[in-house]
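Structure first, commentary second.
The values are calculated or read from the model by the stated rules, or taken from the named source; none is laboratory data. Worth saying up front: this structure is predicted, and the values here are computed from it rather than measured. With ideal geometry, Cβ positions are generated from the backbone for all residues, glycine too; neighbour counts draw on all protein chains shown.
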Ligand SMILES: [Zn+2]
């Protein structure tokens, strides 16, 4: 399975490009293809925290906001 990237409606605070969200098998990468800076999070962990089982919805917006604040606060390896 090749990773696929999804552009998100947020700009890189460092270079102004659209940020992207990339999934691989077990992780989600969020960052900028221009700066080659990404924050990485475990998919299982995100699903556990952001799925609303009662309503069967997945809170993508919450995930993106969390990853963005992590990304914007500086380069940090998770
Ligand atoms: Zn950038």
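Summary table
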| quantity | calculated |
| --- | --- |
| Top-ranked residue of segment 15-32 - restricted to ones that are within 13 Å of the ligand (Cβ to nearest atom) and in a loop (DSSP other than H, G, I, E, B), ranked as farthest from residue 64 (Cα to Cα) | 15 |
| So residue 21, is it under 9 Å from the mean Cα position of the chain (by Cα) and exposed (fewer than 13 other Cβ atoms within 10 Å of the Cβ) | no |
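Here's the yes/no breakdown for (1) at pLDDT below 90; (2) in a strand (DSSP E or B); (3) within 16 Å of the ligand (Cβ to nearest atom); (4) within 13 Å of the chain's Cα centre (by Cα):
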site: 9; (1), (2), (3), (4): yes, yes, yes, yes
site: 13; (1), (2), (3), (4): no, no, yes, no
site: 34; (1), (2), (3), (4): no, no, yes, no
site: 41; (1), (2), (3), (4): no, yes, no, yes
site: 47; (1), (2), (3), (4): yes, no, no, yes
site: 61; (1), (2), (3), (4): yes, no, no, yes
site: 65; (1), (2), (3), (4): no, no, no, yes
site: 74; (1), (2), (3), (4): yes, no, yes, no
site: 77; (1), (2), (3), (4): yes, no, no, no
